[in-house]
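Working notes for the structure below.
The values are calculated or read from the model by the stated rules, or taken from the named source; none is laboratory data. The model shown is predicted, which means the values in this text are computed figures rather than measured ones. Every residue, glycine as well, gets a Cβ built from its backbone with ideal geometry; the counts of neighbours run over all protein chains shown. Each accessible area value is taken on the protein alone, full model and side chains, heavy atoms only, with ligands, DNA and RNA left out. Shrake-Rupley method; radii C 1.70, N 1.55, O 1.52, S 1.80 Å.
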Amino acid sequence: MNRFTIIGQRLVAIFLLGCLLFNYPLLSIFSTYDMLWGIPILYVYAFSSWLIIIILMIIVIEIRR
Amino acid sequence: MMLQGGIILLFSLAYIGILFAIAYYSDKRSDAGRSVISNPYIYSLSLAVYCTAWTFYGSVGRAASTGIGFLPIYLGPTLMIALWYLVMRKIIRISKYNRITSIADFISSRYGKSSSLAGLVTVIAVVGIIPYISLQLDGVSTSFAVMWQHSELSTTLPTPGTVDILGDTSFYVALLLALFAIIFGTRHLDTTERHEGLVAAIAFESVVKLVAFLVIGAYVSFVLFNGFGDIFGQAAQSPELSKLFTMENAGTYTDWTWLMFLSMMAIMFLPRQFQMTVVENVNENHLDKAIWLLPLYMLLINIFVLPIALGGLLLFPNGAVDADTFVLTIPISQGQEEIAMLAFIGGLSAATGMVIVATVSLSTMVSNELVMPILLHFGPLRLAERRDLGGVLLTIRRGTIIMVLLLGYVYFRLTGNAYTLVSIGLISFAAVAQFAPAIFGGIYWKTGNHLGAMVGLSAGFVVWSYTLFLPSLAESGFLPPSFIESGPFGITLLKPYALFGLSGLDPITHSLFWSMLVNVGGYMILSLVGRQSVIEHSQAAQFVDVFKQTPENDFRLWRSTSSVTVLRSILEQFISPTRVNEALNDYAKKHGLDWSKDDVADAALINYTERLLAGSVGSASARVLLASAVKEEPVSMDEVMYMLDETSKVIAYSRELEIKSKELEQATSELTAANEQLKELDRLKDDFISTVTHELRTPLTSIRAFSEILHDNPDLDAEQRGKFMAIILKETERLTRLINNVLDLSKIESGKMEWHLTAVDLKELIEDALASLEQVIKEGNIELKTDMADQVSLTVADRDRITQVMLNLLSNAIKFCDNEAGWIKVQLKEQDSTLNVAVSDNGPGIKPEHQEIIFEKFRQVGDTLTEKPQGTGLGLPICRQIVTYFGGDLRVESVLGHGATFHFTLPVVSPADDESGVEAGFSTAVFANGKSSNRQGTYGKESINR
């Protein structure tokens, strides 16, 4: 039960982090014409944040078994 | 030339053939008990049914116009899935416990297994999903058309609505998909309504569409262009395209956030998602892997969306080609027919996956929650009595699948090409988002009730229809365009895209705001003011507290009993007899029953049967079916409260404990008091003994002293001797009296006194007493005054004892009256059924502070050291005990120097009264003297009757 709730809480934290990352105002910071490695920085930001969220989920769910 | 019509068709059919093979194989494996789908990877892949033709074709189209604007549809689910660990786990647990078959079943089950609510949810789901189905038909038929006419890419595609139905590819696509769904989804009825073959096929399709999309993406990015940098670099040259690099075209941030919210709801509540995530779930723990695998899948399938979109825009500038078809048209334009074919198959898999699962789940809902309840309620059909209802059910489902696809086709024809794929899909998303309040409220808020859910859902649905569904038809010419532009009948306040003047929002956001407002508002307000029925209350508790209960800790709402035979026959109407047998034998084994001997089905078995049935026909129908067969006793609200509230038991226990501890406390204090009393009594006894011995010693001492004198002086003169002898005699009398008194007192106090009850005439008794004292009075030269009523009522008492009281009082009066001109006065009066006797003297009187002391044992007023005691000190206490015993009281009135008057009373009790009267008289007496309550038995009725 303990493991159950603590993982749940961590995932809720990830959810909140995601809501923060994928919304105004953070999103607007990257809404520029700058490029990073030849890719629009907004795209880099969106997809790398997405990947980070997924990696965090993997860590929370799979590592602490 | 590879892309000829026949070959395309051949590939399509071959692909569908592979799907059949997979489904067939996994169904066989499942029947053999070796499920292929029972692992988290297949489960996660099957959830990817979320990615449909919308994702495959539509995302690119949307990216081509909004840049990153296609992403919220996948970011929302990614975030929502993080919460699944808590939320979806709960929904799955609840669904498994209740054998939920669809989202309509879930909602109706939560709100009291209501068939009306189930029907409403079904209608919303069907109407809401129709645009989505049409989107798939659109995607598939467009892809057919593109493949077919690839040589004439630049020419515009024929508008679907203009083609004759029989010449319309999408019509055949619809029929083919319907056939496919029927074969997969409605092969047989199961007790759990799970479709292993279907899940396996969908998982396979997910792999196909992902691989196809990645191949195309890689081809565009790395073959056609030199990597991402090349595409974006070229796009950056064009000011128009570089706008897509920012949020500029992606809609406002508000719309963005609402889209994320919308897709969060969609990933949970789209009927097909619910079907895959909840109904087809084999093991709750598979959810863990799905939580990160599904987002990963969505990330992968979206990585190439922007490169393909920008690549397409670079290849076909100025909107020459519909961006929704870039996935196909790019490879075709480059002559890459194999890749184009792969893309086509990928698109086909995305669309078929969605259509199959959606129609299967919708058909389950329509048959279980809409058609069956109606049929069951129709008495004349006598459907409940028919055997093999399973066949009827399957027919209904198959019909529903065809109907849903045809409706999708009709919508597709009506709306035509007015919308992009994504905006059609969002209309459906907004429809299913209406389920969110009822479901979230349902699993976390016990107060949420049926009325609230009903009103919230209806209101949300109506607003959705008005602000999204109807306008979508209006734009295609089905309704006049003025409906959108100036509102119905020119009422601008009611413009469907700017309701009540709320403008500036995207139509989806606008609709979502208003529909959620009325939905959540209606649900909450009515839940807060309304009441729940018994069954709602039980279901609410069960849903919200699902983690706190074990399957054994069952809520028994069926209080009736029925026979196993009846239950078996009901089950066999829907489920094959072999499966019924298996299920019942399982149950028997678990509960140690033997069906050949036990035919009585208790509430637990009826519950079990209801759940089995619910797996086939939904909970609302199951309840109706069973109710018709089982006479159910009503369960009172109190009972349910008692049975259900998880806490009620604990509360009951703690209350009991509280009561117990209070009782204990009380008992303890009683014991303490009793102990104190005992200690007091012990002290009194010690006092009494020491007093008694002291009192006894006084006469004994004087007897002994005078006896010694007589013994030592034999020559004493006769006069002296006589005097001493008289003293000795007097002292022995006193001693005897004392001992008698002590004995009397102890007898009275211990309840061993024998009372001889007779009718007593008090006047006569007093006269007798006076007569016996006549001599003494005369000798003392005392005047006797009497003031007695001529006749008084009788009382019942012990004559001797009352005489004793009278003599005692008279002797005292004689003893203490004035030496010179002494008088005593005796009065007798009857007043209010009470006899009053007063004995007065004109002696020195008694000080007020002594007036109670004289009734205590061995307490004599006066200086005991100097004055020789004139009595035993027990007379008055004994008198009081006697009088009290007979229900009267004895007290004294006195003014110092003016004599004293002793009053005693006795109740009038006529021996002629019935026994209860006598009894009552005595019980007062008994109660008046607390200590004497055990005496009743001793004197008893026999004495009275005597």
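Some points to look at:
- Among the residues of region B:527-547, just one is open to solvent by 80 Å² or more (accessible area, probe 1.4 Å) and either modelled with pLDDT under 75 or within 17 Å of B:Ser108 (Cα to Cα) (or both), namely B:Arg531.
- Residue in region B:244-274 that is farthest from B:Ala290 (Cα to Cα), counting only those that are of a type in the set (A, V, I, L, M) and more than 42 Å from the chain's Cα centre (by Cα): B:Leu244
- Contact map, region B:77-97: residues that are within 12 Å of chain A (Cβ to nearest Cβ) paired with residues that are of a type in the set (S, T, N, Q) and part of a helix (DSSP H, G or I), Cβ distance under 7 Å, separation 6+ or inter-chain. Pairs shown: B:Pro77/B:Ser263; B:Met88/B:Thr277.
- Complete set of residues in region B:571-582 that are in contact (Cβ under 8 Å) with a residue 60 or more places away in the chain and crowded, with 19+ Cβ neighbours inside 10 Å: B:Gln573, B:Phe574, B:Ile575
- Filtered residue count, region B:347-373, keeping only those that are open to solvent by 10 Å² or more (accessible area, probe 1.4 Å) and either at positive phi or β-branched (Val, Ile, Thr) (or both): 2
- In region A:44-65 there is no residue that is crowded, with 17+ Cβ neighbours inside 10 Å, facing chain B (nearest Cβ under 9 Å) and outside any helix (DSSP H, G or I).
- Residues (of a type outside the set (Val, Ile, Thr) and assigned to a helix (DSSP H, G or I)) located in region B:273-288: B:Gln273, B:Phe274, B:Gln275, B:Met276, B:His286, B:Leu287, B:Asp288
- The residues listed here are B:Asn836, B:Asn741, B:Asn808, B:Asn819; of these, the one that is within 14 Å of B:Leu906 (Cβ to Cβ) and among the polar types (S, T, N, Q) is B:Asn836.
- If the condition is being surrounded by fewer than 20 Cβ atoms within 10 Å (Cβ to Cβ) and within 22 Å of B:Ile878 (Cβ to Cβ), then region B:833-845 contributes B:Thr834, B:Asn836, B:Ala838.
- Close Cβ contacts (under 9 Å, 6 or more residues apart or on different chains) running from residues in region B:229-242 that are at the interface with chain A (Cβ under 9 Å from one of its Cβ atoms) and surrounded by 14 or more Cβ atoms within 10 Å (Cβ to Cβ) to residues that are in a helix (DSSP H, G or I) and of a type in the set (Phe, Trp, Tyr) comprise B:Phe232/A:Tyr43; B:Phe232/B:Phe245; B:Ala235/B:Phe245; B:Ala236/B:Phe245; B:Ser242/B:Phe232.
- Residues that are under 27 Å from A:Gln9 (Cβ atoms) and open to solvent by 10 Å² or more (accessible area, probe 1.4 Å) within region B:57-88 comprise B:Leu83, B:Leu86, B:Val87, listed in sequence order.
- Region B:708-719, residues that are touching a helix residue (DSSP H, G or I) at 6+ places or on another chain (Cβ under 9 Å) and exposed (fewer than 14 other Cβ atoms within 10 Å of the Cβ): B:Asn713
- Selection within region B:800-832: residues that are open to solvent by 70 Å² or more (accessible area, probe 1.4 Å) and of a type in the set (Lys, Arg). The member of this set that is nearest to B:His756 (Cα to Cα) is B:Lys829.
- Residue that is nearest to B:Thr78 (Cα to Cα) [pool: residues in region A:10-31 that are within 7 Å of chain B (Cβ to nearest Cβ), open to solvent by less than 60 Å² (accessible area, probe 1.4 Å) and not in a helix (DSSP H, G or I)]: A:Phe22
- Matching entry among B:Leu45, B:Leu86 (being closer than 27 Å to A:Glu62 by Cβ and touching a Gly at 6+ places or on another chain (Cβ under 6 Å)): B:Leu86
- Exactly one residue among B:Leu517, B:Leu468, B:Leu473, B:Leu494 is more than 38 Å from the chain's Cα centre (by Cα) and either open to solvent by 50 Å² or more (accessible area, probe 1.4 Å) or among the β-branched types (Val, Ile, Thr) (or both), and that residue is B:Leu494.
- Just one of (1) in contact with a helix residue (DSSP H, G or I) (Cβ under 8 Å, 6 or more places away or on another chain); (2) more than 9 Å from chain B (Cβ to nearest Cβ); (3) under 27 Å from B:Met88 (Cβ atoms) fails for A:Leu36. It is (3).
- Cross-chain or 6+ apart pairs with Cβ under 6 Å, region B:253-269 first and closer than 18 Å to B:Ala48 by Cβ and within 10 Å of chain A (Cβ to nearest Cβ), then modelled with pLDDT of 85 or more and part of a helix (DSSP H, G or I): B:Met264/B:Gly76; B:Met264/B:Met80
- Looking across B:Leu468, B:Leu517, one residue alone is under 29 Å from B:Leu86 (Cβ atoms), free of Cβ contacts under 8 Å to residues at least 60 places away in the same chain and not β-branched (Val, Ile, Thr). It is B:Leu517.
- Conditions (1) surrounded by 11 or more Cβ atoms within 10 Å (Cβ to Cβ); (2) out of contact with any Lys or Arg (no Cβ under 9 Å at 6 or more places or on another chain); (3) hydrophobic (A, V, I, L, M, F, W, C); (4) in the same structural domain as B:Leu874 (by TED's automatic domain parsing); number of the one not met by B:Ile703: (4)
- Test: residue in region B:663-672 that is open to solvent by 100 Å² or more (accessible area, probe 1.4 Å), free of Cβ contacts under 8 Å to residues at least 24 places away in the same chain and of a type in the set (A, V, I, L, M, F, W, C): yes
- Counting only helices (runs of 4 or more DSSP H) that sit wholly inside region B:169-272, not one has at least 3 residues that are on the phi > 0 side of the Ramachandran plot and among the hydrophobic types (A, V, I, L, M, F, W, C).
- Scanning region B:699-717 for residues that are over 28 Å from B:Arg737 (Cβ atoms) and not acidic (Asp, Glu), we see that the one that is modelled with the lowest pLDDT is B:Pro714.
- Residue that is of a type in the set (Gly, Ala, Ser), at pLDDT below 80 and assigned to a loop (DSSP other than H, G, I, E, B), where the choices are B:Gly477, B:Gly448: B:Gly477
- Only one of the numbered conditions (1) closer than 27 Å to B:Asp841 by Cβ; (2) without any contact (Cβ under 8 Å) to a residue 60 or more places away in the chain; (3) buried (at least 17 other Cβ atoms within 10 Å of the Cβ) is violated by B:Phe724, and that is (1).
- Filter pass, B:Leu773 being over 60 Å from the mean Cα position of the chain (by Cα) and modelled with pLDDT of 85 or more: no
- Applying the criterion of being surrounded by fewer than 21 Cβ atoms within 10 Å (Cβ to Cβ) and at pLDDT 90 or above to the residues of region B:274-302, the residue that is farthest from the other protein chains (Cβ to nearest Cβ) is B:Leu300.
- Residue count for region B:206-228 satisfying the condition of being open to solvent by less than 40 Å² (accessible area, probe 1.4 Å) and more than 9 Å from chain A (Cβ to nearest Cβ): 13.
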